[in-house]
Amino acid sequence: MITFEHVSKNYSHNGSIIKALDNVELKINEQEVFGVIGESGSGKSTLLRMINTLEYPSEGQVKVAGVDLMQRNETEQRQNRKQIGMIFQQFNLLYNQTVKENIGLPLHLNKSYDQKRVEEVLNFVRLGEKGMHYPSQLSGGEKQRVGIARALITQPKILLCDEPTSALDGQNAYDVMELLRKINRTFGTTMVIVSHELNLIKQLCDRTAILENGKVLETLAIQKEQQQQ
Ligand code: ADP
Ligand code: ADP
């Protein structure tokens, strides 16, 4: 589904070169929940952002469904982004818009707004009662569920999650984790989850890559019984 082949990424900063990713090789399977764990600055966000072409490799290739993202034209890249949803540590909601308006935003942008679909997704993330609320009236966990609903509304094949529970406390973090698990089981959505939290990765992911200074140290399968709690 997603492959990284000899991928390196250099940023230039104050005249020096920062190697954010260094010869990364990865293969993420369809319907898999794949973790990327590493300390701050290890290159996790850079890796994630390459999958929806928010960043491009300096060397090597990132392929989604067998096609090199660099080789796609504008229209194909837009098509690629459409089948990918993304959620963020800080939720990235619009604070002057209601929950429903936030969730419906991707449909508005595609000129395919559908009130029924908004209701459906709202109920799926169990926010049926809060459609007319504003984000400031919600808990952190609820805000992230809005972010998840907004990502899900276009039925993406791939969901990219950047530190999805890092801004949340225990119960809220757990609820969001359960919701991500449910999405994978219900729709078979392929997920890439970037986190510095070992616990999240262990409980949610099928496999994980360990990233250090832009290099994949190893890729591990995660024992099934550790996931069932
Ligand atoms: P992580 O998500 O693991 O914290 P990042 O991918 O954000 O890591 O960053 C990896 C490295 O690349 C860090 O050293 C970071 O400072 C650097 N970096 C990331 N984005 C940029 C950028 N736009 N310009 C310059 N350096 C960057
Ligand atoms: P339908 O053919 O009626 O859409 P599905 O079983 O495909 O039935 O989907 C059931 C519900 O889940 C529908 O509301 C559909 O819009 C939604 N759905 C299906 N696939 C996805 C997906 N990949 N991501 C998010 N929602 C989805």
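The values are calculated or read from the model by the stated rules, or taken from the named source; none is laboratory data. This structure is a prediction, so every number in the text was calculated from the model and none was measured. Here the Cβ is made from the backbone with ideal geometry for all residues, glycine too, and neighbour counts use every protein chain on show. Please note that ligands, DNA and RNA were not included when accessible areas were found on the heavy atoms of the full protein model with its side chains. Shrake-Rupley method; radii C 1.70, N 1.55, O 1.52, S 1.80 Å.
Just a few scattered comments:
- Each stretch of four or more DSSP H residues adds -39500 (n - 2.57); spread over every residue of the chain, this sum gives -10500 deg cm²/dmol at 222 nm.
- Carbon-plus-sulfur accessible fraction, the range 1-47 (probe radius 1.4 Å, protein heavy atoms only): 44%.
- Relative to its residue count, the range 87-217 spans a Cα convex hull of 118 Å³ per residue.
- Translational diffusion of the range 104-152, estimated by Stokes-Einstein from the Kirkwood radius over alpha carbon pairs at 10 °C in a medium of 1.306 mPa s, is 144 µm² per second.
- For L93, net neighbour charge (Lys/Arg +1, Asp/Glu -1) across residues whose Cβ lies under 15 Å away: +2
- Accessible area of the range 97-229 belonging to carbon and sulfur atoms, whole % at 1.4 Å probe: 47
- Two-decimal log10 I(q)/I(0) for the chain, as the Debye equation yields it once each C-alpha is a single scatterer, q = 0.10, 0.13, 0.15, 0.17 Å⁻¹: -0.46, -0.78, -1.02, -1.26
- log10 of Debye I(q)/I(0), alpha-carbon scatterers only, for the range 1-64 at 0.14, 0.18, 0.22 Å⁻¹: -0.39, -0.64, -0.93
- The range 37-63 and the range 158-228 have Cα centres separated by 17 Å.
- Each Lys or Arg adds one and each Asp or Glu takes one away; over the other residues whose Cβ falls under 13 Å from the Cβ of E178, this sums to +4.
- Order by protection proxy (mean Cβ within 10 Å, highest first), peptides 139-152, 33-46: 139-152, 33-46
- Rounded to the nearest 0.05, the FRET efficiency derived from the C-beta distance between Q137 and Q83 at R0 = 25 Å is 0.20.
- A simple count of charges around G140, restricted to other residues whose Cβ falls under 12 Å of its Cβ and scoring Lys, Arg +1 and Asp, Glu -1, yields -1.
- Heavy atoms of the protein chains alone define the surface here; on that basis the range 5-136 has 55 Å² accessible area per residue at 1.4 Å probe size.
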